[in-house]
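Colleague: Structure provided below as structure tokens; questions to follow.
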Amino acid sequence: MRIAQVSPLYESVPPKLYGGTERVVSYLTEELVKMGHDVTLFASADSETSARLIGVCPSALRLSKNVIDPLAHHVLMLEKVMKHLREFDIIHFHIDYIHFPLIRSKRIRSLTTLHGRLDIGDIFPLYREYREIPVVSISNEQRRPLPFLNWVGTVYHGIPEDLYRPVYKKGKYLAFIGRMSPEKRPDLAIEIAKKAGIPLKMAAKVDDANREYFESVVKPLLDTELVEFIGEIGEAEKNEFLGNALAMLFPIDWPEPFGLVMIESMACGTPVLARRCGSVPEVMKDGVSGYVFDEVDEAVKLLERIDRIDRRSVRRYFEERFTASRMAEDYVELYNMQLEALKKVA
């Protein structure tokens, strides 16, 4: 099959540091190539892939000091996709809704994976207008705000089975990894660690949009030897950071569409302690991959029995549900279903 993957340009594929969507696009692209498909990736020119790469901008937009208007680069990417249109059996978009007017007018054979939150009022009229566009969710919970869309499937994220080496020895600290933002609730992670009396290591990026939150809310809480703020880390450091942890804290306070870091932790054999929000109950298996909690005091009590979680079982749960090969197979099935459906109406 001739497949195009259209990635956001904010990060390279794969990202040098933080970047969930671009990381998933990378894993999917590489697996599709391994399966023997002819894959073209539209992404920033500093991306690395075994597929054919069509670079749209010289480097990823987030880390570039010269980019003021990222939308302009994405519009240009759509023009490049249109110029290569005849080369593909199907085009897989990962850029939210910016391409919707084009694929409606051209009747393009496509799928669109929606990677973000969908409970934002601003987008409701837009999605109602384009409700015939075939879209894929990354969890069933993600669909809740927009049940009227043309959902053709749910495909859980996956990561390469050999990306992380599992560590079965019990760790001595708690890990927090992600963004320093209100919805990720790093303040709750600190509160849990302090109440449990367990050291906490925080590997998180502080972007400009959340710098005030970090300075006013999180930074004052770091005045303790129990908490170590490491900053943003890349893929190379994650295995050691997550694998050597006693547990990974995921105390979110928003409708998380998936939560890639949960399966990264599972791949390392490290139990996850996750707050019951968004997709968490869907991704987690309570008592197997870790524990699901509602309140801080409950999380502290669950940490007292974190030793009951078998780290080998955590890894097996990851292998059963969240590998990149499984993700690619699921998408190929949807590609074929979509192409068959289009034949019937042609």
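We did not get these values from a lab; they are worked out from the coordinates using the rules stated. Computed from a prediction, not measured in an experiment: that's the story for all the values here. With ideal geometry, Cβ positions are generated from the backbone for all residues, glycine too; neighbour counts draw on all protein chains shown.
Colleague: Taking the Cα-to-Cβ direction at Ala341 and at Ala209 and moving 7 Å from each Cα, how far apart do the two end points lie in nm?
Modeller: 3.0 nm
Colleague: What is segment 123-208's relative contact order, in percent, from Cα pairs under 8 angstrom and six or more apart in sequence? Mind showing how you got there, number by number?
Modeller: Working: 81 pairs, mean separation 20.0, N = 86.
In percent, rounded to a whole number, it is 23.
Colleague: Something else: Where does each of Ser105, Ser265, Ser64, Ser325 land when they are ranked from fewest to most other beta-carbon atoms within 10 angstrom?
Modeller: Details: Ser105 8, Ser265 31, Ser64 17, Ser325 14.
Going from least to most buried by this count: Ser105, Ser325, Ser64, Ser265.
Colleague: Using the Cα centre as the reference, give the magnitude of the dipole from point charges on the C-beta atoms of the chain (Lys, Arg: +1; Asp, Glu: -1; all else neutral), rounded to the nearest 20 debye. Display every interim value, and only then the final one.
Modeller: Values: 47 positive and 51 negative charges, 137 e Å.
Value, rounded to 20: 660 debye.
Colleague: List the lysines whose Cα sits under 18 Å from the Cα of Lys83, skipping any in the same chain fewer than 8 residues away.
Modeller: Straight-line reach from Lys83, under 18 Å: Lys106.
Colleague: A further question on this structure: Just rank Thr113, Thr40, fewest to most, by other beta-carbon atoms within 10 angstrom. List each step's numbers first, then the result.
Modeller: Numbers: Thr113 23, Thr40 20.
Listed from fewest to most nearby Cβ atoms, that is Thr40, Thr113.
Colleague: Which residue fluctuates the most in the chain, going by a Gaussian network model with Cα springs under 10 Å, if the choices are Lys285, Lys65, Lys172?
Modeller: Lys65
Colleague: Another question, if that's okay. Just to be sure I understand the model, the point goes 7 Å from the Cα along the line to the Cβ. What's the resulting Arg117 to Glu235 distance in nm?
Modeller: A separation of 2.7 nm, rounded to one decimal place.
Colleague: Net charge near Leu174, counting Lys/Arg +1 and Asp/Glu -1 over other residues with Cβ under 12 Å of its Cβ? Walk me through the intermediate numbers first.
Modeller: Working: positive: Lys172, Lys194, Lys195, Lys201; negative: Glu191, Glu228.
Neighbourhood net charge equals +2.
Colleague: Here's something else I'd like to know. Given an 8 Å cut-off on Cα distances and at least 6 residues of separation, report the relative contact order of the chain as a percent.
Modeller: Numbers: 674 pairs, mean separation 55.2, N = 346.
Across the chain, relative contact order equals 16 percent.
Colleague: Taking every alpha carbon pair in segment 31-105, what does the distance histogram look like in 10 angstrom bins from 0, in percent?
Modeller: 16, 48, 30, 5
Colleague: Let me know the volume per residue of the alpha-carbon convex hull for the chain, in Å³. Show your work: numbers first, answer last.
Modeller: Working: hull volume 45.8 nm³, N = 346.
That works out to 132 Å³ per residue.
Colleague: For segment 260-297 and segment 101-170, what is the separation of their C-alpha centers, rounded to whole Å?
Modeller: 21 Å
Colleague: Only Lys, Arg, Asp and Glu count, each charged at its Cβ (+1, +1, -1, -1), so figure out the dipole size of segment 174-321 about its Cα centre, rounded to 20 debye. Display every interim value, and only then the final one.
Modeller: On the way: 21 positive and 28 negative charges, 101 e Å.
For segment 174-321, the charge dipole is close to 480 debye.
Colleague: Now for a different question. Listed here are the pairs Lys169/Lys201; Lys194/Lys238; Lys169/Lys238; Lys170/Lys219; Lys194/Lys219; Lys34/Lys344; which of them are more than 20 Å apart at the Cα?
Modeller: Details: Lys169/Lys201 18 Å; Lys194/Lys238 23 Å; Lys169/Lys238 16 Å; Lys170/Lys219 29 Å; Lys194/Lys219 15 Å; Lys34/Lys344 30 Å.
Among Lys169/Lys201; Lys194/Lys238; Lys169/Lys238; Lys170/Lys219; Lys194/Lys219; Lys34/Lys344, the Cα-Cα distance tops 20 Å for Lys194/Lys238; Lys170/Lys219; Lys34/Lys344.
Colleague: Also: DSSP loop GluC sites (Glu not before Pro) in segment 150-245 with at most 10 other Cβ atoms within 10 Å of their Cβ, which ones?
Modeller: On the way: sites: Glu161, Glu183, Glu191, Glu212, Glu215, Glu225, Glu228, Glu232, Glu235, Glu237, Glu240; in loops: Glu161, Glu225, Glu232.
Qualifying residues, ordered by number: Glu225.
Colleague: Another question, if that's okay. Using R₀ = 41 Å, calculate the FRET efficiency as 1/(1 + (r/R₀)^6) where r is the Cβ-Cβ separation of Leu17 and Glu304; round to 0.05.
Modeller: On the way: r = 34 Å, r/R0 = 0.84.
My answer for the efficiency is 0.75.
Colleague: Taking a cut-off of 14 Å between Cα atoms, list the aspartates and glutamates near Lys16, but don't count ones fewer than 8 places away on the same chain.
Modeller: Cross-link targets: Asp46, Glu48, Glu232, Glu235, Glu237.
Colleague: Explain nothing, just the number: relative contact order of segment 174-321, from Cα pairs under 8 Å at least 6 residues apart, as a whole percent. Can you show the working numbers first?
Modeller: Values: 260 pairs, mean separation 33.9, N = 148.
Relative CO of segment 174-321 lands at 23 percent.
Colleague: I've got another one for you. Can you give me the pair-distance distribution of segment 174-321, C-alpha pairs, 10 Å bins, whole percents?
Modeller: Percent of pairs per bin, in order: 12, 45, 36, 6, 0.
Colleague: Counting Lys +1, Arg +1, Asp -1, Glu -1, what net charge surrounds Ile90 among other residues with beta carbon under 10 Å of its beta carbon? Don't skip to the end; give the middle numbers.
Modeller: Values: positive: Arg2, Arg109; negative: Asp89.
Residues near Ile90 contribute +1 overall.
Colleague: Same structure again: Going toward the positive end of the dipole of segment 160-233, with +1 on Lys and Arg Cβ and -1 on Asp and Glu Cβ, which of Ala193, Ile233, Gly178 do you reach last?
Modeller: Ala193
Colleague: Search the structure for amide H atoms under 5 Å from the amide H of Thr323, placed 1.01 Å from N in the peptide plane, and list their residues when 5 or more places away or on another chain.
Modeller: For Thr323, the qualifying residues are Ile159.
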